[in-house]
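Undergrad: Before I ask anything, let me first share the structure, which is written out below as structure tokens.
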Amino acid sequence: MALLTGKKACVLGVANRWSIATAIAKALHAHGASLILTYEGDRTRGDVEKLAQELGDAPTTVADVASDDSIAALGSFVEQRFGKLDTLVHSLAFARREELAGKYFATSRSGFSLALDISAYSLVALCARLQPLFAERASVMAMTYLGSVRAVRNYNVMGVAKAALESSVRYLAEDLGELGGVRVNAISAGPIKTASARAVGDFSKILSDVAAKAPLRRNAVAEDVAGAAVFLASDLSSAVTGQVLYVDAGYNILGIV
Ligand SMILES: NC(=O)c1ccc[n+]([C@@H]2O[C@H](COP(=O)([O-])OP(=O)(O)OC[C@H]3O[C@@H](n4cnc5c(N)ncnc54)[C@H](O)[C@@H]3O)[C@@H](O)[C@H]2O)c1
């Protein structure tokens, strides 16, 4: 039997075929999960609907995490279609392009709020709304990056947002663990060429640096992340919660090389 047979998963963050969420949705489906896919708005709707068709005609709906009403509507949609939810995948983030280059101290107040709201608070708001729907031993996961714990040039306010996201993962793991054993984890992916990543200044240098130095001498790809997502969604990880799992070809362990 496939690892995720009978599991119901909601995946947020598909924008196009390069999105990490796309690889995760494909892998969850391949391992037997039923999916709901969401799109941020009309710009990404077409790509999401196309992917949904390929993945067992998965239901799709809009979910703009900047809006409490949109999150509430997603809750109703999930309740109506699935009843209970086994897996929630949060694979989204946003910061203004001008905040992803140059000096971190130049971050504007509004840019700081926006990045933390969309990239970190959204996980809290989603868990608050969806928590009554979580099945026993449900698994929640969010995508993060090394820039949360190290100063990565140009990653700037997004690193601070990822630090808040990782901390939220720990608090949510503590909150939700006693409610039927719900688990909350983060995957810290190595750099992968996606639309969001290209907004980070000098992103190609980050990619080539990691490929040259990482213990595995390559970059992680979205399919590597998807494999970890299947593990976290499955009962194989039933006692893993509050963790940040690095899927980065080992780059995070390095000192000076
Ligand atoms: N690509 C990398 O190098 C890398 C590395 C580590 C972590 N991550 C993280 O992986 C996740 C997915 O990013 P990606 O690289 O696949 O890029 P992507 O651009 O394909 O995906 C980002 C997604 O965020 C969504 N989004 C932005 N604002 C939103 C909003 N208000 N409401 C709903 N959705 C919104 C976009 O629609 C898009 O689908 C992000 O959390 C990102 O920080 C990416």
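Nothing in this text is a laboratory measurement; each read-out follows from the coordinates by a stated rule. Model, not experiment: these values are computed from the prediction. Every residue, glycine as well, gets a Cβ built from its backbone with ideal geometry; the counts of neighbours run over all protein chains shown.
Undergrad: Using all C-alpha to C-alpha distances in segment 8-246, build P(r) with 5 Å bins and read off the rounded percent in each one.
TA: Each 5 Å bin holds this share of Cα pairs: 1, 7, 15, 19, 21, 18, 11, 6, 2, 0.
Undergrad: Hey, rough spin-label estimate for residue 69 and residue 149, points 7 angstrom out along Cα→Cβ, what's it come to in nanometres?
TA: 4.1
Undergrad: What is the set of long-range amide H partners of residue 134 at a cut-off below 5 Å, with H atoms built 1.01 Å from backbone N?
TA: 85
Undergrad: How much net charge surrounds residue 73 when only the other residues with a Cβ under 11 Å from the Cβ of residue 73 are counted, with Lys and Arg +1 and Asp and Glu -1?
TA: On the way: positive: 129; negative: 64, 68, 69, 79.
So the environment of residue 73 carries a net charge of -3.
Undergrad: Would you mind checking the tilt of helix 68-82 against the longest principal axis of the Cα atoms of the chain, expressed as 0 to 90 degrees and rounded to 10?
TA: 50
Undergrad: At what distance in nm do the modelled label points of residue 16 and residue 205 sit from each other, each positioned 7 Å from its Cα along Cα→Cβ?
TA: Rounded to a tenth, the inter-label distance reads 2.4 nm.
Undergrad: Can I ask one more? Given R₀ = 22 Å, what would the calculated FRET efficiency be for residue 84 paired with residue 238, taking r from the Cβ atoms and rounding to 0.05? All intermediate terms of the calculation are to be shown ahead of the outcome.
TA: Working: r = 17 Å, r/R0 = 0.78.
It comes to 0.80.
Undergrad: Taking 25 Å as R0, compute the FRET efficiency from the Cβ-Cβ separation of residue 53 and residue 128 and round it to 0.05. Kindly include the intermediate steps, with their values, before the conclusion.
TA: Values: r = 31 Å, r/R0 = 1.25.
Efficiency computed from Cβ-Cβ geometry: 0.20.
Undergrad: Using Cβ counts within 10 Å as a stand-in for footprinting exposure, how do 51, 245, 179 rank, fewest first?
TA: 179, 245, 51
Undergrad: Can you list the trypsin sites (Lys or Arg not before Pro) in segment 35-110 that are in a DSSP coil and have 15 or fewer other beta carbons within 10 angstrom?
TA: Details: sites: 43, 45, 50, 81, 84, 96, 97, 103, 109; in loops: 84, 96, 103.
Those satisfying the criteria are 84, 96, 103.
Undergrad: For segment 85-192, compute the orientation-averaged projected area of the C-alpha convex hull (one quarter of its surface), in nm². Don't jump to the answer; show the numbers that get you there.
TA: Working: hull surface 26.5 nm².
The number I arrive at for segment 85-192 is 6.6 nm².
Undergrad: Round to the nearest 0.05 the FRET efficiency obtained for residue 213 and residue 106 when R0 = 35 Å and r is the Cβ-Cβ distance. Please list the in-between numbers first.
TA: Numbers: r = 29 Å, r/R0 = 0.82.
So, using R0 = 35 Å, E works out to roughly 0.75.
Undergrad: In whole angstrom, how far apart do the alpha carbon centroids of segment 79-114 and segment 202-232 sit?
TA: About 21 Å separates the Cα centre of segment 79-114 from the one of segment 202-232.
Undergrad: To continue, here is another question. With an 8 Å Cα cut-off and a minimum separation of 6 or more residues, compute the relative contact order for segment 8-246 in percent.
TA: Values: 461 pairs, mean separation 50.7, N = 239.
The value is 21 percent.
Undergrad: Add +1 for every Lys or Arg and -1 for every Asp or Glu among the other residues with Cβ under 12 Å from the Cβ of residue 195, and state the total.
TA: Value of the local net charge: +3.
Undergrad: Counting pairwise Cα distances across segment 165-224, what percent come out greater than 16 angstrom? Before the final figure, lay out the partial values.
TA: Values: 1040 of 1770 pairs.
For segment 165-224, the fraction of Cα-Cα distances above 16 Å is 59 percent.
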